[in-house]
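Below is one structure, written out as structure tokens; the observations come after it.
The values are calculated or read from the model by the stated rules, or taken from the named source; none is laboratory data. Remember, it's a predicted structure, so these values are computed and weren't measured experimentally. As a convention, Cβ positions derive from the backbone with ideal geometry for all residues, glycine included, and neighbour counts pool all protein chains shown. The area values use the complete protein model at the heavy-atom level, side chains included, leaving out ligands, DNA and RNA. Shrake-Rupley method; radii C 1.70, N 1.55, O 1.52, S 1.80 Å.
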Amino acid sequence: SISVTVNGVTTHPGIYYTSPTQIAGVLPASTPTGTGTLTVTYNSVASNAATIVVVPAALGVNMFYTNSAVATDAGSYALLTYTNSGTPGENIVLWTTGLGADPSDSDVSYTTTPHAVNTPLQIYVGGIPSQILYQGSAGYPGVDQINVTIPASTPSGCWTTIAAVSGGVLSNITTIPVTSSGGACVDTVSGL
């Protein structure tokens with residue numbers, strides 16, 4: 001189990017998975033912001049307390065391969081890949097975490113009625129501000145989705161950057177392939 005104590009309030013994150021070197025969990029919405037401690041208990045033995053800093057939002061864009069954003073077409077949910085590029089003007093879904101909490105959504109179970117999260121947010125595709133159509137829970141605890149439109153002036157390429165600023169905090173920088181016709185992307189520098 002995991003215990004997090006911030007400002008005298010103790011919460012218990014739901015655990016997604018564990019391995020010998022890693023634990024993935026969802027910090028409950030009721031956890032206050034600020035500096036606190038995190039303790040892991042295994043076989044009734046508690047770890048030493050580690051320092052944790054809880055902020056209102058710190059968006060992370062989910063990735064695969066080395067730096068490809070987990071992004072899908074908003075209609076078909078087809079994954080954007082080097083052979084299935086996004087197109088300027090297309091509505092896509094960015095799969096993320098850390099957008100911020102909504103106490104109306106469960107921290108431990110799936111919901112069929114997810115809620116928007118009103119964290120101040122900007123999404124940049126290829127350095128160009130993107131229109132946000134929805135930002136909030138995807139229904140699964142700790143999984144957020146951000147529906148955006150790839151700007152019409154987005155440059156083509158296999159590694160078009162995706163960056164987000166949520167609550168004043170810069171996300172990780174990821175990439176998506178973009179071409180004017182969809183399909184396989186072509187790198188503008190190498191021609192591959």
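Could you work out the local net charge near residue 148, counting Lys and Arg as +1, Asp and Glu as -1, over the other residues with Cβ closer than 13 Å to its Cβ?
Result for the neighbourhood of residue 148: -3.
Give me the percent of the accessible area of the chain that comes from carbon and sulfur atoms, probe 1.4 Å, all protein chains in place.
Whole-percent figure for carbon plus sulfur exposure: 57.
So what are the ³J(HN,Hα) numbers for region 171-177, from phi and the Karplus equation (6.51, -1.76, 1.60; θ = phi - 60°), rounded to whole Hz, Gly and Pro as x?
Computed from phi, the couplings for region 171-177 are 7, 5, 9, 10, 9, 9, x Hz.
Full-extension gain between residue 66 and residue 116, please, as 0.36 nm times their residue separation minus the C-alpha to C-alpha distance.
Contour length minus Cα-Cα distance gives 15.1 nm.
As a test of understanding, state the convex hull volume per residue of the chain from its alpha carbons, in Å³.
Per residue, the Cα convex hull of the chain comes to 135 Å³.
Return the long-range amide H neighbours of residue 132 (sequence gap of 5 or more, or a different chain), with a cut-off of under 5 Å between placed amide H atoms.
For residue 132, whose amide H was placed from the backbone, there are no distant partners under 5 Å.
Please compute the contact order of region 55-187 in relative form: average sequence separation of alpha-carbon pairs under 8 Å and at least six residues apart, divided by the residue count, as a percent.
Normalised by residue count, the contact order of region 55-187 is 32 percent.
In nm, give the distance between the simple-model label positions of residue 128 and residue 30, each being 7 Å from the Cα along the Cα-to-Cβ direction.
Placing both labels 7 Å beyond Cα along the Cβ direction yields 4.6 nm.
Report the paramagnetic label zone for residue 45: residues of region 1-37 whose backbone N is under 16 Å from a point 7 Å from Cα along the Cα-to-Cβ axis.
Taking a point 7 Å out along Cα→Cβ of residue 45, the residues of region 1-37 whose backbone N falls under 16 Å are 1, 20-21.
Using the Cβ atoms and a cut-off under 15 Å, what net charge is assigned to the surroundings of residue 177, where Lys and Arg are +1 and Asp and Glu are -1?
For residues surrounding residue 177, the net value is -3.
Quick one: net charge of residue 83's neighbours, Cβ under 15 Å, K/R +1, D/E -1?
Net of charged neighbours comes to -2.
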